[in-house]
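First the structure, in the form of structure tokens, and then the observations on it.
The values are calculated or read from the model by the stated rules, or taken from the named source; none is laboratory data. Given the structure is predicted, the values throughout are model-derived calculations rather than measurements. Note: ideal-geometry Cβ built from the backbone for every residue, glycine included; neighbour counts use all protein chains shown. Keep in mind that these areas ignore ligands, DNA and RNA; they rest on the heavy atoms of the full protein, side chains included. Shrake-Rupley method; radii C 1.70, N 1.55, O 1.52, S 1.80 Å.
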Amino acid sequence: MIQLSDVNKAFRVKDRKTRAWKRIEAVKSLSFQVRAGEIYGLLGPNGAGKSTTLRMIVGLMKPDSGSIRICDLDTQEKPEPCRSLVGYLSTDISVYTRFTPRELLRIFGEFQGLDPRVAERRGMGLLEKLQLKDFADIRMEGFSSGQKQKVSIARALLHDPVAVIFDEPTTGLDVFTAKTVLDLLRILKSEGRAVIVSTHLMPMVEEICDRVGIIFGGELHGDAPPAEMLERWKVHSLEEVFFKLAVP
Amino acid sequence: MKGTLLICKKEFLELSKDRRTLFFSFVLPILLYPVVFFIMASLGRNDQTQREGQPSRVQIVDPSQIVEPWLKSDPKLFECSDGRPANLQQAFKDHTLDLAIEVEASAGARVKRQEPYRIRVWLDESEPASELALQRMRDAVKELDKRQVSERLGALGASLQIIEPSRILTENVADPGLALGKLLGSFLPYILMLMMFQGAMQHGIYVTAGEKERGTLQSLLATSLPRSQIIWGKLIYIFCMGLIAAVLNLLSMGISLGLVLGRVAEHPAGSAGLASAHLAAMTSPVNLLICFLLFVPLGLLFTSFILFMGIRAKTTAEAGTSLMPGLFLIITLGAFSMAPGIERMPLLPYVPVLNVSLAIRKLFGQQSSFFEILIAFFMTAGLAILMTWIATRLLDRESAIFKQG
């Protein structure tokens, strides 16, 4: 479903003190694949390259080399068809606050090529699943982070994507909202979608992910089910893997 | 194309949710100009009426008593008192005095000898009341002089006509509509350009750098809409807002100014009617269409520039700052386009932006050249297309979407 082969990505940043440009390797020779009906956990500390990887899959960033394919379509060659296959939730919990959730979902449905009425119907169904239907016609200006995140999730799933990419979906959410999100991820898996979740919260990964890839310094260290990963590194939790990677 | 219209729809829909912005964008310009012009005209008229209805306060020193009795003979115009205040400037500041006059001591003897005598006058030119007092005094002294000359000529057995051997009769044959058209043509492009840019700027920043700052741009770019359609949708929205702002401001300003001038000015009905008839001919549908066609690519050029700067900027503050030079450039070019005689500069039709204002100026001045209109149109349209292409390419660059470096 989603296949990354030898993907590399670097950024040029300016050192404000020395005025020199530096090259930062954000992602190095990254290869992994996610199958339909699978939740893949992309783990790593802040700045490890998780968001960059996910942004490349969605087409918000372009890899310097390597290829990314979604349902056998190359994201570089066919960016728009690829984006129509993916539902993306970014780390920023931000929505168009002047709109109500119903209006937002309707217009985003149209962006994804849906009939406005179909978009609205699907959107309302998603809001119901996310326990936000009562707020469908209230402007999002006063919404909490959790409510905004739920609307963003509905927006990402509106066009019935075959691949779902959630970048740190539970960060900043209370336990109830986080549980709603995790339950939804399980439903998405059961519906046969390929799901990639990036996070640095290990309990969540151990609970829902079928396989995990630990990314550290832009490189992938291991790509296996959580239990196998623990066994391979001879540790009791995935957090210990992090520490082992940080202090080799 | 559908995506372009959808993005445009989304922007207008978002705008429609913000009542304050709607009020400031569409309602305020309609209300503002009539109110401001009416208040200004009323204040000006009241002040003028008040000043003209009151006598000017004059302090006079006239030992020969030649001018003073003459001024005192008209108490409706002059309120005279003898002597001079110790501090003239302070008296003007305190509004206790409008004019101070000193007639030379030997004026009486000079009049007898038929020699000119000197009158010294002190006034405060910054005060309209002082200016009015001077004008009244000049008129009064002129009348006094005329009387004295008449008496002297009478004594010699001659009439006043002896000092006026010829009379010049002037008649203005200028087309009043053309004069008005030239005036209109010189400032109309400037006003339109400024309002179009100013009106589009804030909305442009909101939908570009604002989206980036609010974090909503990523969700938009993650949809299956092509980047070019997203850009064009935003471009159409910003362009429409600029156009609406320019048209609303101009209409409101024009109507208000027309009403106020109509009330204030007391032109002979015939000449005003003739001017309006000529102006109506000048603002024919064809001329207005040419004017509109020239402003469409210019508006698109401004819009694509705003779009480019907005996408390039990381924050709304940065976008606002980086667009200010553009605004200053338009003000400068607009002010330059109002300068007299620039229509005779040979290279001006090839200078972007300026050639549009020049073409419109010539159009209203009935000196338009079809070639210059074509150059202005195609040059501006070409630049607008180029700038839009650059903005579309920029939205494809990661550095424009994500804050880096």
Test: B:Gln89 is modelled with pLDDT under 85, over 19 Å from B:Val141 (Cβ atoms) and in the same structural domain as B:Leu144 (by TED's automatic domain parsing): yes
So, in region A:1-10, of the ones that are away from every other protein chain (no Cβ under 12 Å) and among the aliphatic types (A, V, I, L, M), which residue ends up nearest to A:Phe166 (Cα to Cα)? A:Ile2
Restricting to region A:84-96, what's the tally of residues that are modelled with pLDDT of 90 or more and either assigned to a loop (DSSP other than H, G, I, E, B) or facing chain B (nearest Cβ under 7 Å) (or both)? 3
Whichever residue in region A:147-159 is open to solvent by 10 Å² or more (accessible area, probe 1.4 Å) and assigned to a helix (DSSP H, G or I) and, among such residues, is nearest to the other protein chains (Cβ to nearest Cβ): A:Arg155
Selection over region A:119-141 where residues are open to solvent by 60 Å² or more (accessible area, probe 1.4 Å), within 14 Å of chain B (Cβ to nearest Cβ) and of a type outside the set (Lys, Arg) yields a count of 3
Looking at B:Thr321, is it in the same structural domain as B:Arg393 (by TED's automatic domain parsing), of a type outside the set (A, V, I, L, M, F, W, C) and in contact (Cβ under 8 Å) with a residue 60 or more places away in the chain? no
Take region B:122-173 and flag every residue that is of a type in the set (Asp, Glu) and touching a helix residue (DSSP H, G or I) at 6+ places or on another chain (Cβ under 6 Å). B:Asp124
Could you check B:Gly44 against (1) open to solvent by 50 Å² or more (accessible area, probe 1.4 Å); (2) not assigned by TED's automatic domain parsing to the domain that holds B:Phe239 and say which number it fails? (1)
Odd one out for A:Gly47, checked against (1) open to solvent by 20 Å² or more (accessible area, probe 1.4 Å); (2) within 12 Å of chain B (Cβ to nearest Cβ); (3) part of a loop (DSSP other than H, G, I, E, B): (2)
Just a yes or no: is a residue in region A:62-69 of a type in the set (Asp, Glu) and at pLDDT below 90? no
If the requirement is being crowded, with 18+ Cβ neighbours inside 10 Å and either under 30 Å from B:Leu220 (Cα atoms) or within 11 Å of chain A (Cβ to nearest Cβ) (or both), which of these qualifies: B:Thr21, B:Thr4? B:Thr4
Given the conditions (1) buried (at least 20 other Cβ atoms within 10 Å of the Cβ); (2) more than 24 Å from A:Gly37 (Cβ to Cβ), which single one is not true for A:Gly87? (2)
Check B:Val103 against each of (1) surrounded by fewer than 17 Cβ atoms within 10 Å (Cβ to Cβ); (2) aliphatic (A, V, I, L, M); (3) closer than 23 Å to B:Glu143 by Cα and name the one condition it does not meet. (1)
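Residue-wise test of (1) assigned to a helix (DSSP H, G or I); (2) within 14 Å of chain B (Cβ to nearest Cβ); (3) open to solvent by 10 Å² or more (accessible area, probe 1.4 Å); (4) at pLDDT 90 or above.
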residue	(1), (2), (3), (4)
A:Arg12	no, yes, yes, no
A:Ile24	no, yes, yes, no
A:Val27	no, yes, no, yes
A:Arg55	yes, yes, yes, yes
A:Leu104	yes, yes, no, yes
A:Gly109	yes, yes, no, yes
A:Leu114	no, yes, yes, yes
A:Arg117	yes, no, yes, yes
Just to be sure before I move on: is A:Lys189 modelled with pLDDT under 90 and open to solvent by 40 Å² or more (accessible area, probe 1.4 Å) in the structure I sent? no
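Residue by residue, here is whether (1) open to solvent by 10 Å² or more (accessible area, probe 1.4 Å); (2) away from chain A (no Cβ under 14 Å); (3) under 18 Å from B:Ala319 (Cα atoms); (4) at pLDDT 85 or above holds:
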{"site": "B:Pro352", "(1), (2), (3), (4)": "yes, yes, no, no"}
{"site": "B:Ser368", "(1), (2), (3), (4)": "yes, yes, no, no"}
{"site": "B:Ala381", "(1), (2), (3), (4)": "yes, yes, no, yes"}
{"site": "B:Leu386", "(1), (2), (3), (4)": "yes, yes, no, yes"}
{"site": "B:Trp389", "(1), (2), (3), (4)": "yes, yes, no, yes"}
{"site": "B:Asp396", "(1), (2), (3), (4)": "yes, no, no, no"}
{"site": "B:Gly405", "(1), (2), (3), (4)": "yes, no, yes, no"}
Output the residue which, of all residues in region A:161-186 that are of a type in the set (Gly, Ala, Ser) and surrounded by 17 or more Cβ atoms within 10 Å (Cβ to Cβ), is modelled with the lowest pLDDT. A:Ala178
I need the full set of residues from region B:216-259 which are away from chain A (no Cβ under 14 Å), over 24 Å from B:Gly299 (Cβ atoms) and without any contact (Cβ under 8 Å) to a residue 40 or more places away in the chain, in order please. B:Gly258
Name the single residue that is nearest to the other protein chains (Cβ to nearest Cβ) among those in region A:66-83 being open to solvent by less than 40 Å² (accessible area, probe 1.4 Å) and assigned to a helix (DSSP H, G or I). A:Arg83
When you scan region A:95-110, how many residues do you find that are basic (Lys, Arg) and within 15 Å of B:Val207 (Cα to Cα)? 1
Can you report the number of residues in region B:18-30 which are in contact (Cβ under 8 Å) with a residue 40 or more places away in the chain and either in contact with a Cys (Cβ under 7 Å, 6 or more places away or on another chain) or within 15 Å of B:Ser256 (Cα to Cα) (or both)? 2
